[in-house]
Amino acid sequence: MSARLRAIIGVVIMSVLLVLYFVFVGVRAIALISSGTLVAVVMGVAMLVLPIIGVWALWREIRFGIASTRLADRLADLGLMPEEPVATLPSGRPVRQDAEAAFPKYREEAESAPESWTSWMRLGIVYDACGDRKRARAAIRQAIKLENNEIRS
């Protein structure tokens, strides 16, 4: 089974469990609201608001995952995936020092071509290899935004 398929199965299972949780919380929230006492009604309303925020966050993450996978596939089809040799640990994760050595090249590429989704996607992939998830996600979000603008133009 490929890593991609395992990831998709994991996302589906976690999403189903989260939706079930939201259903059970919703049932309890409605019961609290119907009780009529002030404290119970406030708790019930809070219990309805939190799942709504959770559904929004889940939807946002799923959209990000789909879009970033689509861009990574497109980048691979163009033959533009970062190709620096990077040693890996037994777990399959890149050795951080090797990944960080490749980082300046991709940062400069993104700075010199800030309108290019490919340069931002490549930078995001290298950030991820360095273990910097926050910057990786920001760079990949920028790549998604630029690629969407390219499609609309």
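Throughout, read-outs are computed from the coordinates displayed, never taken from laboratory work. Just so you know, these numbers come straight off a predicted model, no measurement behind them. Cβ sites come from the backbone with ideal geometry, for glycine too, and all protein chains shown count toward neighbours.
Observations on the model:
- Each part gets one Cα centre, and for the stretch 73-99 versus the stretch 21-60 those centres are 43 Å apart.
- Calculated [θ] (222 nm, deg cm²/dmol) that DSSP helices of n ≥ 4 give over the chain, each run adding -39,500 (n - 2.57): -28500 deg cm²/dmol
- Modelled label reach - TRP59, point 7 Å along Cα→Cβ, the stretch 1-43 residues with backbone N closer than 15 Å: 19
- With the convex hull drawn over the C-alpha atoms of the stretch 1-80, the volume per residue is 71 Å³.
- Sorting 116-125, 35-44 by their mean Cβ neighbour count within 10 Å, with the most densely packed peptide first, gives 116-125, 35-44.
- Cβ-derived FRET efficiency at R0 35 Å, VAL45 paired with ARG141, nearest 0.05: 0.60
- The convex hull drawn around the Cα atoms of the stretch 96-152, when projected onto a plane and averaged over every direction, covers 3.2 nm².
- 23 Å tail of the calculated P(r), the chain, as % of Cα pairs: 53
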